[in-house]
Amino acid sequence: MTKLEKISGLFMIMLVVGMILVTPAMACGPSAPIDKSDEQKILSVVSKEITLPKEFNIVNNPESGGFLFIYKESSNSFKMIDISKDYEINETWTGTFSLISGGYQTNLVSNKSHTISATYTGNPSSNTGEVTVYDSVKGTVTTHSLDCYQLCMSACSGMSGYGCAEGCPYLCSILIETGIGYVVCVGLCLGACFIDMTYGCDKICNAIC
């Protein structure tokens with residue numbers, strides 16, 4: 001699998017949630033910065049649960065009106081703490097991501113025994129791919145066929161100019177109506193994003209597709 005083919009798979013996984021139920025709509029820029037007062041309250045709550053990491057991001061959760069506290073835990077894992085608008089911790093997600101033969105795999109496990117996994121496998125000869133999503137709460141396994149160029153350009157445009165922890169919440173805010181949920185969308189996106197790096201959208205997508 002070449003670097004460009006891997007990047008194609010990365011973008012496909014980042015859009016899997018939106019492709020399940022809805023077509024992504026146009027969006028404005030990323031959400032407004034977190035208010036300093038909110039930030040201090042969030043840090044106070046989180047610090048009672050964990051030792052605050054050196055690097056983290058706090059983003060708005062448009063689905064709940066609350067917040068997500070995101071940080072990379074290790075070279076292949078990250079944490080997302082879902083915080084309510086009343087500054088209470090709702091749920092903590094641990095995400096892991098890995099390269100597999102022909103694609104990527106992202107797994108999310110919450111402290112409430114909810115597991116979500118997404119596996120992307122691509123077909124370089126036809127510039128298409130497939131994403132399989134497992135949800136332990138719904139008890140479902142669904143598979144979706146994806147078109148390379150459309151998904152590559154859509155996802156890349158949404159992520160352009162932002163790091164993983166800022167870009168993924170932005171991208172998933174476009175997909176807020178998806179039935180899988182904003183928090184899970186961000187988790188799946190982070191898993192894909194942390195694996196690889198991004199290049200110019202037009203160059204990548206024209207070269208691949």
State, to one decimal in nm, how far the label point of residue 100 lies from the label point of residue 40, with both points 7 Å from Cα in the Cβ direction. 4.7 nm
Of 112/138; 41/85; 48/79; 79/138, which sit over 20 Å apart, Cα to Cα? 79/138
Separation in nanometres of the label points that stand 7 Å from Cα toward Cβ, at residue 143 and residue 74: 3.1 nm
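Values quoted throughout were computed directly from the atomic coordinates according to the rules given, and no laboratory measurement underlies them. Every value quoted in this text rests on a predicted model; they were computed, and no experiment measured them. For neighbour counting, all protein chains shown are included, and Cβ atoms are generated from backbone atoms with ideal geometry for every residue, glycine included.
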